[in-house]
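Written below as structure tokens is the structure these notes are about.
Please treat every number below as a calculation from the coordinates, not as lab data. Note that this is a predicted model, so its numbers are computed, not measured. Positions of Cβ are generated from backbone atoms using ideal geometry, with glycine treated the same way; all protein chains shown enter the neighbour counts.
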Ligand SMILES: [Zn+2]
């Protein structure tokens, strides 16, 4: 069921559907922290890294599957000061942990290229399960 159909059922067709944008500075659709709603990336920033789809599931050394989305830019994150290359899912990139600046929840990683000339030089890989997509529509709307 679409957001419009839900709206018609709840409010009737004559009531115009108001689009509550929680982040007026991000008219484009955004990824926000699932816990506190802080905007952390634009959905338009999804990129393919090393030829892989933007949303890919990786397994960490503990055997836990992590579905992450790779993004060309991110914001409102607190990042660890040092990067590590051990167990990196992206060859040639050092990872560092990134947490939501709004509530401190761990959201994923920032990746920095360790070799000059690598493209992209920096990107973020954030855990899909920890994010919500914010878009015009009822606040309860969620596509994940
Ligand atoms: Zn948060």
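Could you tell me which of rounded, prolate or oblate describes region 39-99, using a ≥ b ≥ c as the square roots of the eigenvalues of the alpha-carbon gyration tensor, with rounded for a/c under 1.5 and, failing that, prolate when a/b is larger than b/c and oblate otherwise? Verdict is oblate for region 39-99.
Would you please give the FRET efficiency between residue 58 and residue 35, computed as 1/(1 + (r/R0)^6) with r the Cβ-Cβ distance and R0 = 22 Å, to the nearest 0.05? Intermediate results must be reported in sequence, preceding the final value.
On the way: r = 22 Å, r/R0 = 1.01.
The calculated FRET efficiency here is 0.50.
Tell me the volume per residue, in Å³, of the convex hull enclosing the alpha carbons of region 38-144. Intermediate results must be reported in sequence, preceding the final value.
Numbers: hull volume 11.8 nm³, N = 107.
Spelled out: Cα convex hull of region 38-144, divided by residues, is 110 Å³.
Put the Cα centre of region 63-83 next to the Cα centre of region 93-131 and the gap is 3 Å.
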